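Have a look at the structure below, then the notes.
The values are calculated or read from the model by the stated rules, or taken from the named source; none is laboratory data. Model, not experiment: these values are computed from the prediction. For neighbour counting, all protein chains shown are included, and Cβ atoms are generated from backbone atoms with ideal geometry for every residue, glycine included.
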Amino acid sequence: MKIAAGLRFTPGRRFVIAVPYVWLLVFFVLPFLILLRISVTDMGSGVDPFAPLIEAASGSWRIMLKHDNYLSIFSDGAQGAGGFGGTIYVDAYKTSLKYALLTTLSCLLIGYPFAYFLARSRPSIRPALLMLVMLPFWTSFLLRVYAWKGILADQGVLNNLLLSLGIIHEPLVMLYTDVSMLVGMTYVYCPFMILPLYANLVKMDVRLLEAAHDLGASAWKAFWLVTVPLSKSGIIAGSMLVFIPAVGEFVIPSLLGGAENIMIGRVVWDEMFSSNNWPRAAALSVVMIVAILVPLAWYYRSSAGRDTRAEAGH
C-alpha cells in the first residue's frame, strides 16, 4: 500500500495528470468564459470581456449582465443580421443538428466497412491504407471543398462524364443543393470516423468470431452480435468527432449548400461580421455549446454508472 501510495503522488505523475487539465483550462475553459462574458455585454458600452460585472451608479450597485441577447434567440420579434429573427435562429439550430446527424450517419455507413476492411487486411499493407485515409489532410481544407465545386458543377467533371457516357442528356443540378452539401461534409469528416473505428477493430480478438461460428452463428449474425457490440466505443468516439464539428460547420454549407440551408455557423458569422453584434453572436455560440455538451455529459455520466454497477455485479 505504501508503494502504491508513493507511486500515486509522485511529482512525475502529478505533472502528467496536470498537463491535459492545463490544456483544457487554457484552450477551452478560458475562451469559453470570455465568450460567455461577451454574450452578456451591452453593445452600447463596447465589447470588453474583462470589464467589471458590477459597477456603482447613483449610490447603488448594478450588475452589468444583459440577458436580452439570449432572449432574442427565441423571440419572434428580434431582428439581427440579414433580417434574422428569433425563429430563424431556432430554425438554424434545427438545420445544423439535422445535417450534422445525416453527416454522422453517412460517415458511419461509409467508414465502418472501410475500417473493418482496414483492420482485417494484411499487416504489410495497413500502413499504405492508413496513408490513403490521412492523405486528404495533406491538402488545404478550402482547396478540397473547392475541388468538389469543380466536380459537382453543371459543367463539372461528373456531369461531363455522364454526358459522354450517354447516361444523361442534359446536366444535372447537383451543386448548391442538400446533396452537394452532404457529399462535401461526408468527404471531409469521414476520416474522423474511420480512424477511431480502425483503432478499435484492430484490437478485437478474432477468436470470438471463430467461437460464434462454432456455435452455429452465420457470418452476419456473428458480425451483428459480436463485432458491432465490441466496436461500440469506436462508433461513439467517431460519431462525436464527426457530429460536434459538423454542427458548427461554416465553409462547406457556404460553398456547396443552397441559400435556403442556413446553418448556425453562417448565422453566427453574419451576426459578428455583417451586423457587428458580437454579444448576440457569442450568445448563439454559447447556446449551441451547451446544447451539445449537456447531453454528452449526461451520456458519459450514465455510461460510467452502468459500468460501475456492472463491475459491482461481477
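Quick look at the values:
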{"item": "Which listed residue is of a type in the set (Gly, Ala, Ser) and buried (at least 19 other Cβ atoms within 10 Å of the Cβ), from Gly258, Gly248, Gly265", "result": "Gly265"}
{"item": "Selection status of Leu241, touching a helix residue (DSSP H, G or I) at 6+ places or on another chain (Cβ under 6 Å), at pLDDT 90 or above and over 24 Å from Cys190 (Cα atoms)", "result": "no"}
{"item": "All positions within region 156-190 that are polar (S, T, N, Q), within 30 Å of Ile235 (Cβ to Cβ) and out of contact with any Ser or Thr (no Cβ under 8 Å at 6 or more places or on another chain)", "result": "Thr177, Ser180"}
{"item": "Among the candidates Ser218, Ser180, residue that is more than 30 Å from Pro245 (Cα to Cα) and assigned by TED's automatic domain parsing to the domain that holds Ile252", "result": "Ser218"}
{"item": "Residues satisfying the stated conditions in region 121-159, i.e. surrounded by 12 or more Cβ atoms within 10 Å (Cβ to Cβ) and within 16 Å of Lys203 (Cα to Cα)", "result": "Ser121, Arg126, Leu130"}
{"item": "Enumerated helices (runs of 4 or more DSSP H) restricted to region 99-208, each holding at least 1 residues that are within 21 Å of Ala259 (Cα to Cα) and touching a Cys at 6+ places or on another chain (Cβ under 6 Å)", "result": "178-201"}
{"item": "Tally, over region 209-227, of residues that are crowded, with 16+ Cβ neighbours inside 10 Å and in a loop (DSSP other than H, G, I, E, B)", "result": "1"}
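Residues are listed down the side, and each one gets a yes or a no for (1) modelled with pLDDT under 65; (2) surrounded by 19 or more Cβ atoms within 10 Å (Cβ to Cβ):
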residue: Ser39; (1), (2): no, yes
residue: Asp42; (1), (2): no, no
residue: Val47; (1), (2): yes, no
residue: Ile63; (1), (2): yes, no
residue: Thr87; (1), (2): no, no
residue: Leu102; (1), (2): no, no
